[in-house]
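Chemist: Quick one: this structure, given as structure tokens, is what I'll be asking you about.
The values are calculated or read from the model by the stated rules, or taken from the named source; none is laboratory data. As the structure is a computational prediction, the values presented were derived from the model and not from experiment. Note: ideal-geometry Cβ built from the backbone for every residue, glycine included; neighbour counts use all protein chains shown. Just so you know, the surface numbers come from the protein's heavy atoms only, side chains and all, with ligands and any DNA or RNA stripped out. Shrake-Rupley method; radii C 1.70, N 1.55, O 1.52, S 1.80 Å.
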Amino acid sequence: MRQITGKLKQAQRQSGIGAKPNFWRRMNGLQTHIVHDTAHQILAFAQKHSADVIVMEFLGKMRLPKGTWGAKRLRAKLQFWAKRCIQTKVTEMAHFLGMRVSMVNPANTSALAFDGSGFVQRNTKRDVAVFATGKTYHADLNASYNIGARYVLRTIQKATSEKMWLSLEAKDPSLAKRTYWTLASLIRVQQALSLQS
């Protein structure tokens with residue numbers, strides 16, 4: 001995709017004509033292939049592990065990074081559109097197979113360390129997250145732990161009484177904001193609930 005977008009920009013600069021249907025046809029074909037292949041792999045993984053629910057981040061409006069223009073801007077748009085298409089395709093396929101799809105708030109899922117040590121330092125070139133404790137993890141693995149934990153915490157919160165949840169929040173103030181829920185929060189909540197029962 002990076003090669004095709006680069007060639008498109010180069011061809012547009014040389015000819016001065018904006019519309020290049022052959023390049024756009026190739027990009028749309030490649031993007032459709034990526035969307036279908038990714039969605040099928042996600043569903044195959046979910047079926048292999050007998051998943052009842054597929055949890056994903058809710059992608060709202062597209063926010064382009066400041067200072068992006070030209071080929072970078074086009075790549076960012078294509079990437080966002082592909083993510084939205086993958087979510088739509090996965091939702092359709094999961095409902096057909098009788099699985100549920102749940103969305104969680106994406107705020108801080110990759111910015112917070114799953115072990116509860118706080119915010120991480122990101123190395124975007126290598127997709128590595130460096131925790132405050134010095135540990136390094138893949139940034140997407142760290143985010144996936146937090147995404148799964150948010151879904152489970154939300155179901156626990158719905159199942160517990162308001163009084164019980166407020167007592168948990170009093171012991172752990174980070175539970176008051178859903179955007180600060182991590183895997184460590186889920187572990188602490190499960191330990192507190194097991195002590196109370």
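Chemist: Tally time: how many residues in region 147-173 are among the hydroxyl-bearing types (Ser, Thr, Tyr) and in contact (Cβ under 8 Å) with a residue 12 or more places away in the chain?
Modeler: Here is the first cut: in region 147-173, the residues among the hydroxyl-bearing types (Ser, Thr, Tyr) are 151, 155, 160-161, 167.
In the following step, the residues that additionally are in contact (Cβ under 8 Å) with a residue 12 or more places away in the chain were identified as 151, 160.
Counting residues in region 147-173 that are among the hydroxyl-bearing types (Ser, Thr, Tyr) and in contact (Cβ under 8 Å) with a residue 12 or more places away in the chain gives 2.
Chemist: In this structure, does Thr133 turn out to be surrounded by fewer than 17 Cβ atoms within 10 Å (Cβ to Cβ), over 17 Å from the mean Cα position of the chain (by Cα) and farther than 19 Å from Val55 by Cβ?
Modeler: Numbers: surrounded by fewer than 17 Cβ atoms within 10 Å (Cβ to Cβ): yes; over 17 Å from the mean Cα position of the chain (by Cα): yes; farther than 19 Å from Val55 by Cβ: yes.
In short, yes.
Chemist: Any residue in region 179-197 that's over 17 Å from Arg150 (Cβ atoms) and touching a residue at least 24 places away in the same chain (Cβ under 8 Å): show its pairings with residues that are open to solvent by 70 Å² or more (accessible area, probe 1.4 Å) and part of a helix (DSSP H, G or I) at Cβ separation under 7 Å, as long as the two are six or more apart or on different chains.
Modeler: Ala192/Lys171
Chemist: Follow-up. Please go through region 136-192 and give me each residue that is surrounded by fewer than 19 Cβ atoms within 10 Å (Cβ to Cβ), not small (Gly, Ala, Ser) and not in a helix (DSSP H, G or I), ordered by number.
Modeler: Thr136, Tyr137, His138, Thr160, Asp172, Lys177
Chemist: Shifting gears a bit: Take the residues in region 101-121 that are of a type in the set (A, V, I, L, M, F, W, C) and under 27 Å from His40 (Cα atoms), then tell me which one is most open to solvent (accessible area, probe 1.4 Å).
Modeler: From region 101-121, those of a type in the set (A, V, I, L, M, F, W, C) are 101, 103-104, 107, 111-114, 119-120; that's our starting set.
Now drop any that are not under 27 Å from His40 (Cα atoms), which leaves 101, 103-104, 107.
Numbers: Val101: 35, Met103: 61, Val104: 7, Ala107: 37 Å².
Ranking the qualifying residues of region 101-121, first place goes to Met103.
Chemist: Here is a follow-up. Can you find a residue that is aliphatic (A, V, I, L, M), free of Cβ contacts under 8 Å to residues at least 24 places away in the same chain and open to solvent by 80 Å² or more (accessible area, probe 1.4 Å) anywhere in region 122-130? Steps first, please.
Modeler: Applying the first criterion (aliphatic (A, V, I, L, M)) to region 122-130 yields 128-130.
Applying the additional criterion that residues be free of Cβ contacts under 8 Å to residues at least 24 places away in the same chain yields 128-130.
Now narrow it down to the ones that are open to solvent by 80 Å² or more (accessible area, probe 1.4 Å): none.
Checked region 122-130: no residue is aliphatic (A, V, I, L, M), free of Cβ contacts under 8 Å to residues at least 24 places away in the same chain and open to solvent by 80 Å² or more (accessible area, probe 1.4 Å).
Chemist: Can I ask one more? Just checking, does region 48-60 include any residue being of a type in the set (Val, Ile, Thr) and modelled with pLDDT under 75?
Modeler: Going residue by residue through region 48-60, those that are of a type in the set (Val, Ile, Thr) are 53-55.
Subset that is modelled with pLDDT under 75: none.
No; the residues of region 48-60 include none that is of a type in the set (Val, Ile, Thr) and modelled with pLDDT under 75.
Chemist: Which one is modelled with the lowest pLDDT, of the residues in region 78-100 that are buried (at least 17 other Cβ atoms within 10 Å of the Cβ) and closer than 16 Å to Glu57 by Cβ? Give the derivation first.
Modeler: Keep residues of region 78-100 that are buried (at least 17 other Cβ atoms within 10 Å of the Cβ), which gives 78, 82, 85-87, 89-91, 93-94, 99.
From what's left, closer than 16 Å to Glu57 by Cβ: 82, 85-87, 89-91, 94.
Values: Ala82: 77, Cys85: 87, Ile86: 88, Gln87: 91, Lys89: 93, Val90: 94, Thr91: 94, Ala94: 95.
Looking at residues that are buried (at least 17 other Cβ atoms within 10 Å of the Cβ) and closer than 16 Å to Glu57 by Cβ, I get Ala82.
Chemist: List, please: which pairs have Cβ atoms under 9 Å, are six or more places apart or on different chains, and start with a residue in region 100-113 that is within 9 Å of Val55 (Cβ to Cβ) and end with one that is part of a loop (DSSP other than H, G, I, E, B) and open to solvent by less than 30 Å² (accessible area, probe 1.4 Å)?
Modeler: Taking only residues 6 or more apart or on different chains, the pairs are Val104/Trp181.
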